[in-house]
1. Go through the range 108-178 and tell me which strands (runs of 3 or more DSSP E), entirely inside it, have 3 or more residues that are within 30 Å of Pro43 (Cα to Cα) and without any contact (Cβ under 8 Å) to a residue 60 or more places away in the chain.
2. From the list Phe46, Phe55, which one is touching a residue at least 40 places away in the same chain (Cβ under 8 Å) and surrounded by 21 or more Cβ atoms within 10 Å (Cβ to Cβ)?
3. If Tyr143 meets every condition in (1) more than 15 Å from the chain's Cα centre (by Cα); (2) closer than 15 Å to Phe76 by Cα apart from one, which number is that one?
4. Which condition breaks for Pro89 when tested against (1) modelled with pLDDT of 95 or more; (2) of a type outside the set (Asp, Glu); (3) farther than 23 Å from Phe55 by Cα; (4) crowded, with 17+ Cβ neighbours inside 10 Å?
5. Of everything in the range 127-143 that's at pLDDT below 95 and out of contact with any Phe, Trp or Tyr (no Cβ under 9 Å at 6 or more places or on another chain), which residue is surrounded by the fewest Cβ atoms within 10 Å (Cβ to Cβ)?
6. Quick one: which strands (runs of 3 or more DSSP E) lie wholly within the range 46-91 and hold at least 3 residues that are closer than 22 Å to Ala105 by Cβ?
7. Take the conditions modelled with pLDDT under 95 and over 14 Å from the mean Cα position of the chain (by Cα) and apply them to Leu7. Does it pass?
Amino acid sequence: MRYPVTLLAVLTLTGLIVSSAPPAVSAADIVQPRTDQVYVHTPSQFVFPPTVAGFARVNVRQYDRVGNDISVGYNFASQGFVMTVYVYPMPQRPPNNTLDGHFGACKAEVCSQHEGTYLVSEDACQISCGGQSHDGKHATFLYTDDFAGQRQALGSQLFLFTHGRWFVMYRVSCPVVKQALSKPAIGEFMKKLSWP
């Protein structure tokens, strides 16, 4: 089973370069919404507007033929932050059928995708949006990779939640020197992206 944790957002106009997941569905199967169009993930009813709290949507990716497993990339170009939101069905088999079990798999996947990754911290987290609170798991990583046209130290965060039969994961990365600036932007994005 593939775990969609690789950061996908790419903003070519500003030269941000980010690792991308292996192709899963042909380009003909992925319909990109217009830049001014709201994208609705019909199976989960998650809604992804063109902009959220200063982040601009840059792409939508689909990892399966029926469109249950998707990601939506957003960039905060002026600050150099990249965010990807993944929505995908919860697997039916252990350990990935629980938040704790799948969180372990997601952390391992991040570490395997970036050589020399260091897990800085992990903790419980909570997101509040649309008058509802959702409990989840959070991990912070450090690694060195190509980003914005140069090799540099990056900070990356993973937030994992459940919503009914869905996993909802946020991945955000930025240069380490901008990590302090990214925290309020991440919080605002997560608060403003509404859940069904």
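The values are calculated or read from the model by the stated rules, or taken from the named source; none is laboratory data. Since we're looking at a predicted model, the values are computed, not measured. Heads up, the Cβs are rebuilt from the backbone with ideal geometry, glycines too, and the neighbour counts pull from every protein chain shown.
1. Numbers: elements: 118-129, 132-147, 150-163, 166-175.
In the range 108-178, 118-129, 132-147 are the strands (runs of 3 or more DSSP E) which contain 3 or more residues that are within 30 Å of Pro43 (Cα to Cα) and without any contact (Cβ under 8 Å) to a residue 60 or more places away in the chain.
2. Going through Phe46, Phe55 in turn, the sole match is Phe55.
3. Going through the list (1) more than 15 Å from the chain's Cα centre (by Cα); (2) closer than 15 Å to Phe76 by Cα, Tyr143 breaks only (2).
4. If we test Pro89 against (1) modelled with pLDDT of 95 or more; (2) of a type outside the set (Asp, Glu); (3) farther than 23 Å from Phe55 by Cα; (4) crowded, with 17+ Cβ neighbours inside 10 Å, just (4) comes out false.
5. Ranking the qualifying residues of the range 127-143, first place goes to Gly131.
6. Fully inside the range 46-91 and qualifying: 70-76, 81-89.
7. no
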